[in-house]
Amino acid sequence: MVQLPADQVRSAANRLKRAQGQLTGVVRMLEEGRDCEDVVTQLAAVSRALDRAGFAIVAGGLKECLTQEGGADSLDTRKMEKLFLSLS
């Protein structure tokens, strides 16, 4: 199991916390009866923020795998492919 460095964990956690705040705003907009187009636009922004956080986590994990002992030879390509595809 690959562990991300502390700075990457903090960065990803911050991205996810911002997305969480955005999502709270989208729920509030929906409950307040805001225009559907505005709600969907903000929801799309939350989705992109989550995607960016996910890709950053996977990319950081891939980098850690490549720099650890065994490098690319120890990389489980199918597992990494599955992780990337799970975000698409």
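The values are calculated or read from the model by the stated rules, or taken from the named source; none is laboratory data. Bear in mind the structure is a predicted one, so any value in this text is a computation, not a measurement. No Cβ is skipped: glycine too gets one built from the backbone with ideal geometry, and neighbour counts run over all protein chains shown.
Output yes when any residue across region 30-43 is out of contact with any Ser or Thr (no Cβ under 8 Å at 6 or more places or on another chain), under 21 Å from L85 (Cβ atoms), among the aliphatic types (A, V, I, L, M) and in a helix (DSSP H, G or I), and no when none is. No, the conditions are met nowhere in region 30-43. Kindly indicate the residue of region 14-43 that is under 14 Å from the mean Cα position of the chain (by Cα) and surrounded by fewer than 12 Cβ atoms within 10 Å (Cβ to Cβ) and also farthest from E64 (Cα to Cα) among those meeting that condition. Here the residue is K17.
Going by the structure shown, is A49 part of a helix (DSSP H, G or I), exposed (fewer than 14 other Cβ atoms within 10 Å of the Cβ) and either modelled with pLDDT of 80 or more or of a type outside the set (S, T, N, Q) (or both)? Judged against the criteria, A49 is not a match. Within region 55-71, the residues that satisfy the criterion of being closer than 16 Å to A6 by Cα and modelled with pLDDT of 80 or more are A56, I57, V58, A59, G60. Condition test on V58, is it in contact with a Phe, Trp or Tyr (Cβ under 9 Å, 6 or more places away or on another chain) and either among the aliphatic types (A, V, I, L, M) or under 22 Å from F84 (Cα atoms) (or both)? In short, yes.
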